[in-house]
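Presented below is the structure to which this report refers.
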Amino acid sequence: MNVATSASPRTRTNRAFSAVCLGLAVPLLAAGCSAAPAGATNDSPAIGPTRAASPTNFPTFQVPATWSGYRNTVYREIQKAVTGKKPRNLHITAGPDLVFWLACLGTGRARLKSPSLGLDWSIPCGTRLDPQSINFSPTTGIATGRKVLVLVTATPGARWEVRVDAPVPPGA
């Protein structure tokens, strides 16, 4: 005996409601997405204003001078963002937890190196406008509060930018 089964009235209502919601959601989602028209340039309203990156042009540093990091640790810059094309030694205060920010425009690589801290880190250059960061704990057992040198270099022709942050001391 062949018995035809049909969905219950409640199931049909739920399916109809879902279909109506989906029918309304798709056009609303699509309305929020814009596509640039064919032939749009970088200053087209559909794309928005963009800023060309070049080896001589860094935007303002995007991370605030004081910010909250992992486990709500509050960090503060101890070395303001500096830029250059030639190798440069930075004098920073050693601490148990440091955040190094590094950006590079051009070709090749930018590098931070400090034998005193046990730091040797590099990033690829490019046209990225956002700096990369590394949360670093010295591996050499250097005393907290001691001034150390950190050498920043980049491939010839490239421009680097570096900044160093450390946790805000308790009660400060």
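Over the stretch 84-167, with every protein chain in place, what whole percent of the accessible area is carbon and sulfur at 1.4 Å, could you tell me? Please list the in-between numbers first.
Working: 2080 of 3900 Å².
Ligands and nucleic acids excluded, carbon and sulfur give 53 percent.
May I ask you to derive the FRET efficiency for ASN135 and ARG88 from their Cβ-Cβ distance with R0 = 22 Å, giving the value to the nearest 0.05? The partial results should precede the final answer.
Numbers: r = 22 Å, r/R0 = 1.02.
Working from the Cβ atoms, E equals 0.45.
What does the accessible area per residue of the stretch 78-170 come to in Å², with a 1.4 Å probe and no ligands, DNA or RNA counted? Intermediate results must be reported in sequence, preceding the final value.
Details: 4510 Å² over 93 residues.
Here the residues of the stretch 78-170 average 49 Å² of exposed surface.
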Applied in sequence order to the stretch 111-124, the curve 6.51 cos²θ - 1.76 cosθ + 1.60 (Karplus, θ = phi - 60°) yields integer Hz couplings, x standing for Gly and Pro, of 9, 10, 9, 8, x, 4, 8, x, 9, 8, 9, 9, 9, x
Listed by chain and number, the residues whose amide H is under 5 Å from that of PHE58, excluding neighbours fewer than 5 places away on the same chain and using placed H, are none
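How much length would be gained if the chain were fully extended between PHE61 and THR107, taking 0.36 nm per residue of separation minus their Cα-Cα distance, in nm to one decimal?
On the way: separation 46, 0.36 × 46 = 16.56 nm, distance 2.05 nm.
Going from the current span to full extension adds 14.5 nm.
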Phi-derived 3J(HN,Hα) across the stretch 97-109 with the Karplus relation (6.51, -1.76, 1.60, θ = phi - 60°), rounded Hz, x for Gly and Pro, is 9, 10, 10, 9, 10, 9, 10, 8, 10, x, 10, x, 9
Heavy-atom accessible area of ASP120, protein chains in place, probe 1.4 angstrom, given in Å² to nearest 10, is 90
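Tell me, what is the FRET efficiency for SER68 and TRP121 to the nearest 0.05, using R0 = 25 angstrom and their Cβ-Cβ distance as r? Please list the in-between numbers first.
Values: r = 23 Å, r/R0 = 0.92.
Here the calculated transfer efficiency is 0.60.
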Ordered by number, the trypsin sites (Lys or Arg not before Pro) in the stretch 53-154 that occupy a DSSP loop and have at most 13 other Cβ atoms within 10 Å are ARG128, ARG146
Sequence order, the stretch 139-151: Karplus ³J(HN,Hα) from phi using 6.51 cos²θ - 1.76 cosθ + 1.60, θ = phi - 60°, Hz rounded, Gly and Pro as x, gives 9, 9, x, 5, 5, 4, x, 7, 6, 10, 9, 10, 8
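The values are calculated or read from the model by the stated rules, or taken from the named source; none is laboratory data. The shown structure was predicted, so the numbers you read here are calculated from the model rather than taken from an experiment. We place every Cβ from the backbone using ideal geometry, glycine too, and count neighbours over all the protein chains shown. Side chains included, ligands, DNA and RNA excluded: accessible areas come from the protein's heavy atoms. Shrake-Rupley method; radii C 1.70, N 1.55, O 1.52, S 1.80 Å.
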